[in-house]
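*Asks:* Below are the structure tokens for one structure; questions will follow.
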Amino acid sequence: MPIETDRLRLRAWREHDRGAFADLNADPVVMADLGGPLVRESSDAKLDRYIDAFRLRGYGRWLVETRAGSFLGYCGVMPAPVDHPIGQHVEIGWRLRRDAWGKGYATEAAHAALTDAFRRVRLTEVLAYTSADNHRSQAVMRRLRLRRDASRDFEIYDDRLGRWRGLVWATTPGSFAAGDGDMSPPPHDAARAVDAASLAEPQYMILGMSLEHILRGIEAIRAPMVEIEAYSGLAWATWHEAIQALVKYGARRIGLLTPFDRTGNEFAT
């Protein structure tokens, strides 16, 4: 049965989806973190594994499309290979067309896939992992409230990637449900702006200060910044820290929040 969200549909694969799947896997930018594009034969073999997972276990990587039926990519949970260095487990993964990036689709699809994995499939834990330099995936994991588990970080050797180190996040039915509960905004005017800016899947947020805040000093807004950072799971910097933050983190997508001053101290994206 398909899963529908506000904007997306997650459904089982059909034979005519192979072309769109192959186009996704042939994009060198989309596939940059997986060793580069796949030829059609390898793409078809990968899709066969996804189809078999649903047939044998009842879960796997879903096809992700808009509610209107436009192909976006895939997302879902899969069992790890039996010889995986951290043992048997189930992991969630996603990959979207380049023109679907920056719209919050990955977070929306992954949230739906995890909900199905825990409620219907009754999995007891799901892991997610990515490389240290894949900031986009790490941002999605933070928004999903996954818990970083450095004790399970691992290294593998792959013919396409060479030596690869995976950083591990984890979630369980209880912590995932609790994370859903924590999604309610904190008592601060910036919460709604954070939610709006997060739809663009930024890697880091920058809080721009008004003249009033500059005169009052950075410490005057440090407390709400920490509060919002805890809510959003994103890193923050004030204007005077922005350049250092960009250099340090190498972020390519930045969320900018600018506070107004005496008109209610509201925030705008």
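*Asks:* Provide the FRET efficiency to the nearest 0.05 for the residue 120-residue 18 pair, computing r from the beta carbons and using R0 = 35 Å.
*Replies:* Plugging the Cβ-Cβ distance into 1/(1 + (r/R0)^6) gives 0.85.
*Asks:* Subtracting the Cα-Cα distance from 0.36 nm times the residue separation, let me have the gained length for residue 172 to residue 134 in nm, one decimal.
*Replies:* Full extension from residue 172 to residue 134 adds 11.4 nm.
*Asks:* I would also like to ask the following. What full-extension length gain, to one decimal in nm, is calculated for residue 99 and residue 163 as 0.36 nm per residue of separation minus the Cα-Cα distance?
*Replies:* Full-extension gain reported as 20.1 nm.
*Asks:* Find how much the distance from residue 148 to residue 67 grows on full extension, using 0.36 nm per residue of separation minus their present alpha carbon separation; answer in nm with one decimal.
*Replies:* 25.9 nm
*Asks:* What is the dipole size for the range 1-82, taken about its Cα centre, with +1 at each Lys and Arg Cβ and -1 at each Asp and Glu Cβ, in debye to the nearest 20?
*Replies:* 280 debye
*Asks:* Once you charge only the Cβ atoms, +1 for Lys and Arg and -1 for Asp and Glu, what is the size of the charge dipole of the range 1-142 about its Cα centre, to the nearest 20 debye?
*Replies:* 400 debye
*Asks:* Right, here's the next one. How large is the convex hull of the Cα atoms of the range 1-151 per residue, expressed in Å³ as a whole number?
*Replies:* 125 Å³
*Asks:* Under a Cβ-only charge scheme (Lys and Arg +1, Asp and Glu -1), can you give me the dipole magnitude of the range 69-135 about the Cα centre, in debye to the nearest 20?
*Replies:* 260 debye
*Asks:* Related question: Taking all pairs of distinct Cα atoms, average 1/r, flip it, and tell me the Kirkwood hydrodynamic radius of the range 33-119 in Å to one decimal place.
*Replies:* For the range 33-119, the Kirkwood estimate is 14.1 Å.
Throughout, read-outs are computed from the coordinates displayed, never taken from laboratory work. Just so you know, these numbers come straight off a predicted model, no measurement behind them. So basically every Cβ, Gly included, is an ideal-geometry build from the backbone, and we count neighbours across all protein chains shown.
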